[in-house]
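Below is one structure, written out as structure tokens; comments come after it.
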Amino acid sequence: MNRCLKILFFALLVKPMVLLGLGLNIFFKARLPKAGPAMVVANHNSHLDTLVLMSLYPLSQIHKIRPVAAADYFLCNKAVAWFSLNIIGIIPIQRSNIRDKEALFAECHKALDNGNILLIFPEGSRGKPEALSALKRGIHHIIKQRSSLKVVPVMMHGLGRALPKGERVFVPFNCDVVVGEAIPFEEDAKHYIDSVSQSLNQLLALCMTRQSIVQDEY
């Protein structure tokens, strides 16, 4: 039942909003992992980020795409929690009082074992619109025992203007989604996170909407 509701939600609401309401430029979509277990790591400026990424997948796969999201925000009340867990399909993560990292990421490992594709925003929360914040090391902790896991970076630009943090009104803007090459695993956590950050910044340089913003500033 929940799977049917999820398909209807994305078919009737999300995909039309994303593909028609936004002027979406998608580059190198073929690089997205076709099947799990796999991980997509992306920058985070807007609540639209998750919906845009999920909308890139066919409806037949939508139940296998699992966004990793903050429990304190998306489980804040029963209605939001039900919608987040059953329709969006989030994997809730605690952002405070973290003691046992194995327990913290247990649901992520279970999802990967079930052949799911995780959507992870390694900045940890929505930052300043169209700016990449420092990345946290959680993704390295998840994959350090899964060195062959396919990890694909995605840079999104423009969504921070379409629905900025703290705003509830959606404003149509041209937006970019640029998919990068899979990032090879590194044992050293700092080096690995630096590689992810470098990949995202390289993808940012390809964004068409970034160029138009720079021109507007001058």
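The values are calculated or read from the model by the stated rules, or taken from the named source; none is laboratory data. In this text, all values refer to a predicted model and were calculated from it rather than measured experimentally. Positions of Cβ are backbone-derived with ideal geometry, glycine not excepted, and every protein chain shown enters the neighbour counts.
When residues in region 88-97 are screened for being surrounded by fewer than 17 Cβ atoms within 10 Å (Cβ to Cβ) and assigned to a helix (DSSP H, G or I), 0 of them pass. Residues in region 1-18 that are under 21 Å from Gly158 (Cβ atoms) and exposed (fewer than 14 other Cβ atoms within 10 Å of the Cβ): Leu13, Pro16.
Yes or no, residue by residue, for (1) within 15 Å of the chain's Cα centre (by Cα); (2) part of a strand (DSSP E or B); (3) crowded, with 19+ Cβ neighbours inside 10 Å; (4) aliphatic (A, V, I, L, M):
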{"residue": "Leu20", "(1), (2), (3), (4)": "no, no, no, yes"}
{"residue": "Lys34", "(1), (2), (3), (4)": "no, no, no, no"}
{"residue": "Val40", "(1), (2), (3), (4)": "yes, yes, yes, yes"}
{"residue": "His44", "(1), (2), (3), (4)": "yes, no, yes, no"}
{"residue": "Thr50", "(1), (2), (3), (4)": "yes, no, yes, no"}
{"residue": "Cys76", "(1), (2), (3), (4)": "no, no, no, no"}
{"residue": "Val80", "(1), (2), (3), (4)": "no, no, no, yes"}
{"residue": "Phe83", "(1), (2), (3), (4)": "no, no, no, no"}
{"residue": "Ala103", "(1), (2), (3), (4)": "no, no, no, yes"}
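Scanning region 62-113 for residues that are without any contact (Cβ under 8 Å) to a residue 12 or more places away in the chain and polar (S, T, N, Q), which turns out farthest from Val151 (Cα to Cα)? Restricting to residues being without any contact (Cβ under 8 Å) to a residue 12 or more places away in the chain and polar (S, T, N, Q), the top hit is Asn77. Being out of contact with any helix residue (DSSP H, G or I) (no Cβ under 7 Å at 6 or more places or on another chain) and modelled with pLDDT of 90 or more is the filter; apply it to region 90-108 and report the residue that is nearest to Met54 (Cα to Cα). Taking the candidates together, the pick is Glu107.
Just need a number here: residues in region 52-69 that are closer than 20 Å to Met156 by Cα and either at pLDDT below 90 or outside any loop (DSSP other than H, G, I, E, B) (or both).
Residues of region 52-69 closer than 20 Å to Met156 by Cα: 52-58, 62, 65-69.
Subset that is either at pLDDT below 90 or outside any loop (DSSP other than H, G, I, E, B) (or both): 52-55, 62, 65-69.
Count: 10.
Screening Asp194 on (1) at pLDDT 80 or above; (2) farther than 17 Å from Ile120 by Cα shows it passes everything except condition (2).
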